[in-house]
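The values are calculated or read from the model by the stated rules, or taken from the named source; none is laboratory data. Source: prediction; values computed, not measured. Glycine also receives a Cβ, built like all others from the backbone with ideal geometry; neighbour counts cover every protein chain displayed.
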Amino acid sequence: MCGMDEDFQHHSRRVRRRRRHKTTVTNINVFALGAPAEHAQPEASPPPAVSGTDDEDLFGERMVSTEWLERRAKRLETQEQELKQRALEIERREMELEEREARFEADMYLREDEIEAREEHLRDLEARLGQKESDLGSFVARVQGGLLADAS
């Protein structure tokens, strides 16, 4: 058991040492994001740092300068404004699409109503035509019956 505790303590010290030497997220972002073309810096130079004794963080790495933070804040602000504009554009397009969909739906209902009215009118005409056919048939029968009676 005592041997396992020593191995664990040795392993945990080694892990802590490894973690201590990893780069911070801020420094990774400096290299990953890079500066825009107008503020481009040579890649060989280290990230800008504030001068003085307080410019090192807990891991012994230099902290980011205020200039870099200001540039990044401006860049993030412009990106945020672009995203807001895109969101507004998407909302506008969605509203136009919903309006167009409502118009198409209203047109469809109007056309259905018109078709139903035409069908009703055609049913009325067919009924009148059927009535006139039966009236004509009875008239022809009376005429023929009258001719036969006259001939006898």
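Quick notes on this structure:
- Test result for Phe139, modelled with pLDDT under 95 and in a helix (DSSP H, G or I): yes
- Test: residue in region 42-55 that is in contact with a helix residue (DSSP H, G or I) (Cβ under 6 Å, 6 or more places away or on another chain), at pLDDT below 60 and in a helix (DSSP H, G or I): no
- Verdict on Gln85 being under 33 Å from the mean Cα position of the chain (by Cα) and either surrounded by 10 or more Cβ atoms within 10 Å (Cβ to Cβ) or modelled with pLDDT under 95 (or both): yes
- Residue match in region 66-75 (condition: in contact (Cβ under 8 Å) with a residue 12 or more places away in the chain, surrounded by 10 or more Cβ atoms within 10 Å (Cβ to Cβ), β-branched (Val, Ile, Thr) and part of a helix (DSSP H, G or I)): yes
- Checklist (1) surrounded by 10 or more Cβ atoms within 10 Å (Cβ to Cβ); (2) over 60 Å from the mean Cα position of the chain (by Cα) applied to Glu116, failing item: (2)
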